[in-house]
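These notes are about the structure you will find just below.
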């Protein structure tokens with residue numbers, strides 16, 4: 001069980017590494033949001049599941065599962081809110097060349 | 001398994017760099033959110049390594065307060081940009 | 001000397017420098033928040049060793065290094081006091097903006113001097 | 001066990017955040033940096049072994065950012081609507097001004113820093129008080145959390161005066177600010193939340209409320225307590241504002257409630273701690289009585305902090321923002 005959880009945690013970290021490469025590679029907001037909203041959530045959820053497997057059936061796992069639920073809801077939600085607000089308030093997502101709008 | 005903390009720290013550094021450097025404000029907000037997720041994972045790993053369940057309450061608090069703060073910053077900046085846009089288009093009542 | 005203390009002192013000095021040279025009023029309140037965080041980190045680092053556990057739960061029996069609970073209890077108080085100070089500062093700032101729309105310390109001083117001068121000069125003349 | 005280099009790396013990031021705030025000129029970015037800085041501060045507290053303080057800082061960081069945002073937003077609105085400050089022509093600064101503005105403060109700061117580093121204590125810490133607190137608190141005050149035991153038992157004076165300070169702050173903000181009208185008018189909403197956002201924030205608000213109650217009730221056993229739980233109950237009202245756009249919360253009834261709760265918490269502390277009620281009880285009833293006392297005190301403090309921060313938030317967002 002220890003080994004399985006370690007492998008799952010490392011897989012999650014590798015997922016997040018892909019997200020980091022995407023962040024470094026693309027400069028525009030729309031592409032970044034497209035990449036990171038999926039990959040980062042998947043990586044975080046995988047790491048949390050690995051930690052939950054590590055502790056078996058206990059109160060620790062219960063709290064970890066609560067945290068998992070919150071992450072699963074909150075993380076895509078924040079991305080949705082940021083992107084939608086950017087679109088509604090006039091940020092041009094189609095011709096996005098990484099412009100500075102401050 | 002404590003070496004898993006170091007890649008998390010590297011990601012945290014990267015996303016804080018994104019929040020500081022990112023060209024538009026929306027990039028900064030995104031980087032802020034991602035950095036807070038990484039911090040949650042760091043807390044989770046620390047709690048798991050020390051086998052202390054009550055430290056996870058702190059991770060949950062961190063997630064929720066980061067959510068509220070990000071929501072409010074987004075609302076503020078979006079409202080301002082929207083108002084400017086409506087003034088520009090002449091559709092503001 | 002502890003590296004944590006050095007970091008806290010460095011942040012304190014950075015915000016102190018900003019406080020005495022900065023021109024914006026909102027930034028002054030931000031620097032006060034920063035100074036407060038630095039002071040709290042300084043206090044929490046007292047007696048810190050590697051592998052310190054929090055002073056609660058069933059770990060008190062066998063844990064090797066336990067954090068000092070007294071600074072923590074005092075610092076919870078200090079955090080709430082700090083947010084009270086911040087709130088009062090922001091309220092005063094907003095009342096000030098309503099009178100003079102400026103964020104610059106120099107400009108604010110100039111404007112308030114002008115207003116005071118206009119209010120006090122006739123009185124002085126009538127007294128003499 | 002957290003390795004020490006990790007803690008140092010996070011402290012280095014923390015210092016970097018302070019430098020960013022120092023060097024940034026635009027206010028909006030300062031808000032984002034401040035939020036990141038407070039999150040990193042909270043993480044540093046956590047790694048230094050005090051989750052109570054870290055919880056309070058994490059919740060307060062969000063509230064502080066909200067207050068700063070309201071202040072900045074109001075300034076921007078006034079600058080657009082009100083009289084524009086006249087542009088002063090860029091005059092050439094003499095060398096003396098630069099010396100006065102940069103070099104002298106730098107020297108002053110450096111001297112103070114050298115003095116602080118020279119006089120900073122370091123070395124071995126004498127911890128008689130620490131060992132006494134850690135060994136005695138379970139009998140003296142009760143509970144399993146030494147921090148809660150200290151701020152509800154040994155040092156209840158501090159907590160009461162801090163509560164008084166918060167009450168005075170709320171009164172000052174509610175009565176002494178510039179905008180004197182108590183009735184808030186409904187403003188135009190430029191951004192309407194989407195359906196998904198409304199549904200999710202409504203669900204998260206319930207989670208926040210339940211979690212705040214959990215923190216208050218469990219405060220004497222695990223990390224948490226009155227302040228943190230109260231802040232979370234106030235965050236519940238923030239969520240309600242965000243989705244329903246409520247503007248007519250009865251702020252003055254909440255203010256009365258806060259005063260009543262504060263007075264009753266002072267009374268309870270006086271009866272239990274200062275009059276020494278615990279000495280007159282039989283020994284077998286003592287742990288239950290202590291548990292009840294700590295839960296009730298945490299609940300009172302939590303109610304008070306929740307009322308105070310709800311009032312502050314609604315005052316800022318609905319009345320001061322106009």
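For Cα pairs less than 8 Å apart in space and 6+ apart in sequence, what is the mean separation divided by the residue count of segment B:9-89, i.e. the relative contact order in percent? Can you show the working numbers first?
On the way: 51 pairs, mean separation 19.8, N = 81.
Averaging sequence separation for qualifying contacts and normalising by length gives 24 percent for segment B:9-89.
Given a Förster distance of 56 angstrom, what is the FRET efficiency for residue A:58 paired with residue C:114, based on the Cβ-Cβ distance and rounded to 0.05?
Details: r = 69 Å, r/R0 = 1.24.
Computed FRET efficiency for residue A:58 and residue C:114: 0.20.
Which shape class, rounded, prolate or oblate, goes with chain A when its Cα gyration tensor gives a ≥ b ≥ c as root eigenvalues, a/c under 1.5 marks rounded, and past that a/b bigger than b/c marks prolate? The shape class here is oblate. The C-alpha atoms of chain A define a longest principal axis, and helix A:29-54 lies at about 10 degrees to it.
A simple spin-label model places the labels of residue D:175 and residue C:99 2.1 nm from each other, with each point 7 Å out along Cα-to-Cβ.
Among D:312, D:255, C:70, rank each residue by its count of other Cβ atoms within 10 Å, from fewest to most, as a rough exposure measure.
Values: D:312 25, D:255 19, C:70 22.
Listed from fewest to most nearby Cβ atoms, that is D:255, C:70, D:312.
Listing D:140, C:106, D:158 from fewest to most neighbouring C-beta atoms within 10 Å gives C:106, D:140, D:158.
Separation of segment B:1-41 and segment D:215-237, taken as the distance between their Cα centroids, equals 28 angstrom. A simple spin-label model places the labels of residue D:264 and residue D:202 3.2 nm from each other, with each point 7 Å out along Cα-to-Cβ.
Given a Förster distance of 45 Å, report the FRET efficiency between residue D:214 and residue A:93 from their Cβ-Cβ distance, rounded to the nearest 0.05. Provide the component values of the computation, followed by the final result.
Values: r = 40 Å, r/R0 = 0.90.
Rounded to the nearest 0.05, the efficiency is 0.65.
For chain C, the relative contact order comes to 25 percent (Cα pairs under 8 Å, sequence separation of at least 6).
Most exposed first by the Cβ proxy, i.e. fewest other Cβ within 10 Å, how do C:114, D:197, A:95, D:259 rank?
Working: C:114 11, D:197 18, A:95 8, D:259 15.
In increasing order of surrounding Cβ atoms, one gets A:95, C:114, D:259, D:197.
Could you compute the FRET efficiency for residue D:126 and residue C:2, with r as their C-beta to C-beta distance and R0 at 25 Å, rounded to 0.05? Calculated transfer efficiency: 0.95. Here the sum of -39500 (n - 2.57) over DSSP H runs of 4 or more residues, divided by the residues of chain A, equals -28000 deg cm²/dmol at 222 nm, to the nearest 500. With contributions of -39500 (n - 2.57) from each DSSP H run of at least four residues, the per-residue ellipticity at 222 nm computed over chain D stands at -23000 deg cm²/dmol.
Answer rounded, prolate or oblate for chain B, using the Cα gyration tensor with square roots of eigenvalues a ≥ b ≥ c: rounded when a/c is under 1.5, else prolate when a/b is larger than b/c, else oblate. If you can, show how the numbers build up before the last one.
Values: a/c = 7.53, a/b = 2.27, b/c = 3.31.
It comes out oblate by the Cα gyration axes.
Is the shape of the protein assembly as shown rounded, prolate or oblate, going by the alpha carbon gyration tensor and its root eigenvalues a ≥ b ≥ c, with a/c under 1.5 for rounded and a/b larger than b/c for prolate? Show your work: numbers first, answer last.
On the way: a/c = 1.44, a/b = 1.19, b/c = 1.21.
Taking the square roots of the gyration eigenvalues as a ≥ b ≥ c, the protein assembly as shown is rounded.
Computed from Cα positions, the angle between helix C:25-44 and the longest principal axis of chain C comes to roughly 20 degrees.
Is it possible to state the helix-based mean residue ellipticity at 222 nm for chain B, with each DSSP H run of 4+ residues giving -39500 (n - 2.57), the sum divided by total residues, to the nearest 500 deg cm²/dmol? What is it? Before the final figure, lay out the partial values.
Details: 3 runs with 78 residues, N = 93.
Estimated from H runs of four or more residues: -30000 deg cm²/dmol.
Taking Cα atoms only, the orientation of helix B:55-89 departs from the longest principal axis of chain B by about 10 degrees. In this label model, residue A:1 and residue D:161 are separated by 5.1 nm, measuring between points 7 Å along each Cα→Cβ vector. Using Cα-Cα distances under 8 Å and only pairs 6 or more residues apart, what relative contact order does chain A have, in percent? After rounding, I find 34 percent. The Cα center of segment C:1-60 and the Cα center of segment D:245-321 differ in position by 29 Å.
Only the coordinates and a few stated rules stand behind these numbers; no lab work does. Just so it is clear, the model here is predicted, and its values are computed rather than measured. Using ideal geometry, Cβ is built from the backbone for each residue, glycine included, and neighbour counts are taken over all protein chains shown.
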